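Structure record follows, encoded as structure tokens.
The values are calculated or read from the model by the stated rules, or taken from the named source; none is laboratory data. What you see is a predicted model, and the numbers here were worked out from it, not measured in a lab. Each accessible area value is taken on the protein alone, full model and side chains, heavy atoms only, with ligands, DNA and RNA left out. Shrake-Rupley method; radii C 1.70, N 1.55, O 1.52, S 1.80 Å.
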Amino acid sequence: MKILVLNWRDIKNPAGGGAEILTHELAKGWIKTGHTVTIFSSSFKHSISEETIDDVSFVRKGQWWNVHLLAFFYYLSHHKNVDIIIDEVHWFPFFSALYARKKTIALTCEVANVLFFTLFPYPIALICRGIEKIYLYLYKNVPTMAISESTKKDLIKEGVNSKSITVIRMGLTLPKNLKKYKKEKNSTFIYLARINKQKGIFDAIDAFAKINNEIKSSMLWIVGSGEEEFVKQVRRKVEKLSLSSSVKFFGYVEDKKKFELLAKAHILLIPSAHEGWGLTVAEAASQMTPSIAYNVPGLKDTVINDSTGIIVKNNNPKELAKETIVLINDENKYKKFQKNGFGMAKKMNWNNTTKIALKVLKSQGK
């Protein structure tokens, strides 16, 4: 089969995350089984308009705000060489079901819903939510791959036919030749995500302020990039709370550095407002680092409460701080979480993910 993947970002995009890793791993798996894959996505600073990585062809055009329209024109000029379209949904799909319904499979990371009202002013949020409801109606019978049980449940709540949804569980990609690192001497907590409201950076800092008040020598590592003006707001908040000497900003880091930091830190804090899956939980677990997360879709799928980490009862900085302080002071529970989380991460691979997804593609391609 000739597979065209429509995604607003790709594996090389600095703003990419777990969805882009999933997309790339699926593409590599499909190519190994004899299919061809082209990923159409937006460009980014210093990006190459066309290149091949791991035998996957990449085409980059436009920006996040017009890539959906440009994808339509790309398909028009290449439709004879496309058997299947993977239409990735990040808030909104590429609407390929309107012009190539029989070829379209949706790959849905999350249903935004109330998240719009967290991120945008009311009028804009209302418009975005309206568009989401329209697309969900249009796609209710389109074959859909959801990346978690939470996403599947959210889709069903929105009226999507449950029989059209297949859950594909995420695998785990580890850099080759990873070194082993000891934990930091002082209690160290890590925030690893895009720096924005959705990922809960302000809650992470507020929680750490309470943690640092109890554990004076503790550190918070903030790993990830974000819009320049927003990052400045975050830095100002850190200064206002007199935490500058206890908070370190790393910005965007390459994979090996990311896993080094995860290995050296003691606990991953994830106060995200919503996740499709929460890949960083598994990445941290692979490095013997438990997670403490908010009780939201996606994270509930990856953190096994009181076994590999903690899902807080109430999503607020006070509760996040309380659970973190309790865990860091309970050596037996901490070691149990480390062992269980590491065991969970070891079982995660992309082979099963690829096989399940390929069944969906073959079913649609008949």
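Worth a mention:
- Global geometry of the range 169-315, whether rounded, prolate or oblate, following the gyration tensor of its Cα atoms and the 1.5 cut on a/c: rounded
- Note on the chain: GNM, Cα springs under 10 Å; of Thr52, Thr173, Thr280, the largest mean-square fluctuation is that of Thr52.
- Probe 1.4 Å, protein heavy atoms only - accessible area per residue of the chain in square angstrom: 48
- Among Trp65, Trp30, the order of accessible area from largest down is Trp65, Trp30, computed with a 1.4 Å probe on protein heavy atoms.
- Surface calculation, 1.4 Å probe, protein heavy atoms: Arg236 sits at approximately 130 Å² accessible.
- Accessible-area rank, largest first, for Phe230, Phe337: Phe230, Phe337, with all protein chains present and a 1.4 angstrom probe.
- Within straight-line cross-link reach of Lys102, aspartates and glutamates at Cα separation under 14 Å, skipping those fewer than 8 residues along the same chain: Asp83, Asp87
- Protein heavy-atom surface of the chain, 1.4 angstrom probe: 52% of the accessible area is carbon and sulfur, with nucleic acids and ligands not counted.
- Distance histogram for the range 1-140 (every C-alpha pair counted, 5 angstrom bins, percent rounded to whole numbers): 2, 10, 19, 22, 21, 14, 7, 3, 1, 0
- Among the listed pairs Lys28/Lys157; Lys103/Lys346; Lys153/Lys197; Lys318/Lys347, those beyond 28 Å (Cα-Cα): Lys28/Lys157; Lys103/Lys346; Lys318/Lys347
- Proximal aspartates and glutamates to Lys256, defined as alpha-carbon separation beneath 14 angstrom and excluding residues fewer than eight positions away on the same chain: Glu283
- Sorted largest first by accessible area at a 1.4 angstrom probe radius, with every protein chain in place, the residues Leu241, Leu268 fall in the order Leu241, Leu268.
- Backbone phi angles across the range 6-17, fed through the Karplus curve with coefficients 6.51, -1.76 and 1.60 (θ = phi - 60°), yield HN-Hα couplings of 10, 9, 6, 9, 9, 4, 8, 5, x, 8, x, x Hz in residue order; Gly and Pro are listed as x.
- A full extension of the chain between Tyr99 and Ser245 corresponds to an added length of 47.1 nm, given 0.36 nm per residue minus the alpha carbon distance.
- 5 angstrom amide H check on Asp10, placed H, neighbours 5+ away: none
- Subset of Lys12/Lys258; Lys80/Lys362; Lys2/Lys140; Lys185/Lys335; Lys176/Lys257; Lys185/Lys264 violating a 20 Å alpha-carbon distance limit: Lys2/Lys140
- Overall form of the range 284-366 per C-alpha gyration tensor (a/c, 1.5; a/b vs b/c): oblate
- Under the span-like rule (Cα at least 15 Å along the axis, Kyte-Doolittle mean at least 1.0), DSSP H helices of the chain: 67-78
- Of the two radii for the chain, the radius of gyration is 0.97 times the Kirkwood radius, both from the alpha carbons; that is the Rg over Rh value.
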